[in-house]
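First up is the structure itself, then whatever we jot down about it.
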Amino acid sequence: MKEKIAVYEEKMKKTCNALIEEYATIRAGRANPNVLNKIMVDYYGVPTSMQQVGNISVPEPRMIQIQPWEKSLIKAIEKAILTSDLGITPTNDGKVIRLIFPELTEERRKTLVKDVKKKGEGAKVAIRNIRRDANDAFKKLNKSSEITEDDLKEAETKIQKLTDKYIAEIEKTIEVKSKEILTI
C-alpha cells in the first residue's frame, strides 16, 4: 500500500516542481537568466535552447548578457528573443547581446501577482485532482476486496495529509513569488 501512496505523492511533488519552474520564467523587474529557458534559437536549422548557444550572465541587477559561442549566431539569438513573449528588445555590439529589464510599473506588478496566484490556484486544483484519483483508486481496491475497510480509511487519511502538505507548499511558493514581484 505504501508503494501505491508513493505514486500519488510523486505526482503531487511533480506538480509543485512544475509550478516552481513556471514561476522562474516570470520576470520580477530583476534580471533572471531563467526567463530565457523557454526561448529556442535557430541553430543551423535546429531549435536549440539559449543556454546551448552562448554564455549567459547577469553583470547588473537589471541586465542579462548573452555572449554567443559563435558570432554568426547573434542575429538568430536576437530574432528568437524578439519573437518570444519576453517583451524586451535586445541590443548588441557585434560581440554580445544585452537585455535591459525596465523597472516594473505598479500596475504591471499587480498584474504579475494576479498571474502568479492564478497559476498557483491551477496547481492546487491539480493536487486536489490527484487526491481524488488516489481516493477513487483505493475505493476500487476496497470494492474488489484487495484492501480492508481499515486500510481504505488509513490510505484516505495519508492521501489527505499529503494533499494538505503540498497545498501548503504551493501557498508558500505563491507568497514568496508575490513578495518578490512586489518588492521594488
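The values are calculated or read from the model by the stated rules, or taken from the named source; none is laboratory data. These numbers come from a predicted model, not from an experiment. Positions of Cβ are backbone-derived with ideal geometry, glycine not excepted, and every protein chain shown enters the neighbour counts. The protein model used for the area step is the full one, side chains on, heavy atoms only, and it has no ligands, DNA or RNA in it. Shrake-Rupley method; radii C 1.70, N 1.55, O 1.52, S 1.80 Å.
A quick yes/no check of all residues on (1) within 24 Å of the chain's Cα centre (by Cα); (2) in contact (Cβ under 8 Å) with a residue 40 or more places away in the chain:
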| residue | (1), (2) |
| --- | --- |
| S84 | yes, yes |
| T89 | yes, no |
| D115 | yes, yes |
| K140 | no, no |
| T163 | yes, yes |
| I174 | yes, yes |
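Checking the condition farther than 26 Å from N17 by Cβ and at pLDDT 90 or above, which residue from P102, P68 passes?
After applying the criteria, what remains is P68.
Could you pull out the residue among K165, K179 that is open to solvent by 70 Å² or more (accessible area, probe 1.4 Å), modelled with pLDDT under 90 and of a type outside the set (S, T, N, Q)?
K179
Applying the selection to region 145-161, what residues are open to solvent by 30 Å² or more (accessible area, probe 1.4 Å) and either modelled with pLDDT under 90 or among the acidic types (D, E) (or both)?
S145, E146, T148, E149, D150, D151, E154, E156
Please state which one of L152, L104, L141, L162 is hydrophobic (A, V, I, L, M, F, W, C), out of contact with any Cys (no Cβ under 7 Å at 6 or more places or on another chain) and within 27 Å of L36 (Cβ to Cβ).
After applying the criteria, what remains is L104.
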